[in-house]
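One structure is given here, and the rest of the page talks about it.
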Amino acid sequence: PYIHRGLPDYTGHGIDHSVAVFYYVNKFIDILKSSGLELNRTEIKLLYIASWLHDIGNITIGSRERGHSIESCRLIKRLKETNQYHIGNLFYLLDPIIKYHSSSFDISKINDKEYSYGGEKVRLKLLCAVFRLADACDMDENRANPLVYFLIQDELSDESKRHWKSNNAIMSIIFDRDAREIQLYVTDKKSAHLAIERFKREFESVHLHTSGFLPFDRVAVVEIPTEEEG
């Protein structure tokens, strides 16, 4: 409920966003499994915890200066020191997943060595890449509720308005394994341009690390014709 404290005029980063990231995490878990790579319980647990906590840094004003993923890691470390948050040493593997969900950090910098927890191996670089992509997938009109936009648009900067309108122009994402494409369905390419380009950058930033596991080579954009266009 307090996530807005560190967010100037961004689109939604609250509970609905976390639920959506959960959805896409599960999508990728299923796709990985059908491609012959089944994540273990520890790896799935890390992705689930990250879905809830990756944006928690936005409750601090300091996130604007230090970056919200860095702030999220700092706050999770503080929570770890309380008796209300039982994560133990799993924190050390959660920390990079949350830090590297931000495109400000290069996933290739993560150590390639194999990690483990509780007797299960943890493919950290793959998890970081999958989670960044799952986070990026949540960009449709639900991130920019049109009724909220109608009420607050006069208070938004021109830059913020472009981002809200861009998310609002995204209809859905389809994972087409046969075409090896992640397809973005949009109402208008021009309006959706910012969201499309951001997603393409995120996809390219992880593709090197997911290409051997996820069956997608490119991002395709499908524009839905207007009634006038037939």
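The values are calculated or read from the model by the stated rules, or taken from the named source; none is laboratory data. Model, not experiment: these values are computed from the prediction. So basically every Cβ, Gly included, is an ideal-geometry build from the backbone, and we count neighbours across all protein chains shown. These accessible areas exclude ligands, DNA and RNA; they are computed on the full protein's heavy atoms, side chains included. Shrake-Rupley method; radii C 1.70, N 1.55, O 1.52, S 1.80 Å.
Some points to look at:
- Cα→Cβ-extended label distance, 7 Å offset, between Asn111 and Ser157, nm: 3.9
- Note on the stretch 9-140: with neighbouring protein chains present and a 1.4 Å probe, carbon and sulfur make up 48 percent of its accessible heavy-atom surface.
- Only Cα pairs under 8 Å and 6+ residues apart enter the sum, and on that basis the relative contact order of the stretch 52-174 stands at 17 percent.
- Solvent-accessible heavy-atom area per residue, rounded to whole Å², over the stretch 51-126 at 1.4 Å: 57
- Summarising the amide proton neighbourhood of Val221: residues at separation of 5 or more, or on other chains, whose placed amide H is nearer than 5 Å comprise Leu184.
- Estimated vicinal HN-Hα couplings, Hz - the stretch 54-66 in sequence order (Karplus 6.51, -1.76, 1.60; Gly, Pro = x): 5, 10, 4, x, 5, 7, 9, 5, x, 5, 5, 8, 8
- This model, with +1 at the C-beta of Lys and Arg and -1 at the C-beta of Asp and Glu, gives the chain a dipole about its Cα centre of some 1100 debye.
- Under 13 Å from a label point set 7 Å out along the Cα-to-Cβ vector of His193, the amide N atoms of the stretch 128-172 belong to 162-163, 166.
- Just checking the listed ones, Ser166, Ser116, Ser18: in the Gaussian network model of the chain with Cα springs under 10 Å, the one fluctuating most is Ser116.
- Per-residue packing, averaged as other Cβ atoms within 10 Å, sorts the ranges 147-153, 99-105, 53-59, 211-217 into the order 53-59, 99-105, 211-217, 147-153, beginning with the highest.
- Note on Ile224 and Asp16: the model spin-label points, each 7 Å out from Cα along the C-beta direction, lie 1.6 nm apart.
- In terms of overall dimensions, the C-alpha atoms belonging to the stretch 123-230 reach 46, 35, 17 Å along their principal axes, ordered largest to smallest.
- Residue of Thr210, Thr11, Thr42 that the Gaussian network model of the chain assigns the largest fluctuation, springs spanning Cα pairs under 10 Å: Thr42
- Which labelled figure in (1) 157; (2) 185; (3) 131 is volume of the Cα convex hull per residue in Å³, once derived from the coordinates: (3)
- For Ser211 and Asn89, a Förster radius of 41 Å and the Cβ-Cβ distance give a FRET efficiency of 0.85, rounded to the nearest 0.05.
- Counting only DSSP H runs of at least 4 residues, each contributing -39500 (n - 2.57), and dividing by the residue count of the chain, the helix-based mean residue ellipticity at 222 nm comes to -14500 deg cm²/dmol.
- In percent, rounded to a whole number, the relative contact order of the chain is 19, using alpha-carbon pairs under 8 Å and six or more apart.
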